[in-house]
Amino acid sequence: RRNVADVVAQLNREIIDRVKNEVRGVLDDAVAAQNAVGSVFANGTITLNEESKRDFIFLALLRSKPSLSWISLGTGDGSFFGAQRELVAQSDGDHLKIVTVALNPTSNARSQHSFSFEAKGNDIQYVSKEDPRPSGYDATQQAWYRRALAEGPGWNDDPDVPEVARAGISTSTPLDIN
């Protein structure tokens, strides 16, 4: 019995160490993507308004970090820009989506639109788009946004993002440009 208890204890330690290493890898991927996005915008490589370049960067980073399901950015006017890895059953490749919620300054209303892509080798091919629709999503009202501004970089246990109703965790950090 003592030998069985010793084996069980050893297996538990090994499982805990493996899970810890896996979580550490996901955290490292999330922080690396966060730093890359921050650098691209903070040094002026591209601006938030350069939609195709912004989307390309988000999609490329998402593809380079298979452990991540979202790379996103919220702005001070409540807009949201994100790339999502979609879960598609029995799929050979990555199915990706760009989701944008933007504020129209003229009407002071938000609209959401999205574009779907499929990864094919080194290329990302456009699949479809959804027509813009009204949205009540405001990035500045989300817990991840408010926590980042109040406390700085850190983990969030409820990453409320458009079009997702499943549980998850995220990291967020303030991004100061100039």
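The values are calculated or read from the model by the stated rules, or taken from the named source; none is laboratory data. Since we're looking at a predicted model, the values are computed, not measured. For neighbour counting, all protein chains shown are included, and Cβ atoms are generated from backbone atoms with ideal geometry for every residue, glycine included. Keep in mind that these areas ignore ligands, DNA and RNA; they rest on the heavy atoms of the full protein, side chains included. Shrake-Rupley method; radii C 1.70, N 1.55, O 1.52, S 1.80 Å.
Only protein atoms count toward the accessible area here, which uses a 1.4 Å probe; on the chain, the carbon and sulfur part of that area reaches 51 percent. Heavy-atom accessible area with a 1.4 Å probe sorts 106, 47, 100, largest first, into 106, 47, 100. Per residue, the accessible area of the chain comes to 62 Å² when a 1.4 Å probe rolls over the protein heavy atoms.
Normalising the average separation of contacting C-alpha pairs (under 8 angstrom, six or more residues apart) by the number of residues puts the relative contact order of the range 97-177 at 20 percent. Helical content of the chain, expressed as a calculated mean residue ellipticity at 222 nm, amounts to -12500 deg cm²/dmol (DSSP H runs of 4 or more residues, -39,500 (n - 2.57) each, divided by residue number, nearest 500). Lysine pair count for the chain (Cα-Cα distance under 27 Å; residues 8 or more apart in sequence or on different chains): 11. Rounded to the nearest 20, the size of the Cβ-charge dipole of the range 41-84 about its Cα centre is 220 debye, with Lys and Arg at +1 and Asp and Glu at -1. Only protein heavy atoms count here; under a 1.4 Å probe, residue 22 has an accessible surface of about 120 Å². The magnitude of the dipole of the range 1-112, with charges of +1 and -1 set on the Cβ of Lys/Arg and Asp/Glu and taken from the Cα centre, is near 360 debye. Computed packing ranks the peptides 8-21, 26-39 as 26-39, 8-21, most packed first, by mean other Cβ atoms within 10 Å.
Axis of helix 51-64 versus longest Cα principal axis of the chain: the two differ by about 10°, to the nearest ten degrees. Projecting the Cα atoms of 156, 76, 42 onto the charge dipole of the chain (Cβ charges, centred on the Cα centre) puts 156 farthest toward the positive pole.
Each label was represented as a point 7 Å from its Cα along the Cα-to-Cβ direction; for residue 177 and residue 6 these points are 6.2 nm apart.
Ranking 69, 52 by solvent-accessible area of protein heavy atoms (1.4 Å probe, all protein chains present), from largest to smallest, gives 52, 69.
With charges only on Cβ, +1 for K and R and -1 for D and E, what is the dipole size of the range 37-178 about its Cα centre, in debye, rounded to 20? Approximately 80 debye in magnitude. Among 65, 97, 120, the sequence by solvent-accessible area, most first, with a 1.4 Å probe is 120, 65, 97. Heavy-atom accessible surface of residue 149, to the nearest 10 Å², is about 110 Å², with a 1.4 Å probe and all protein chains retained.
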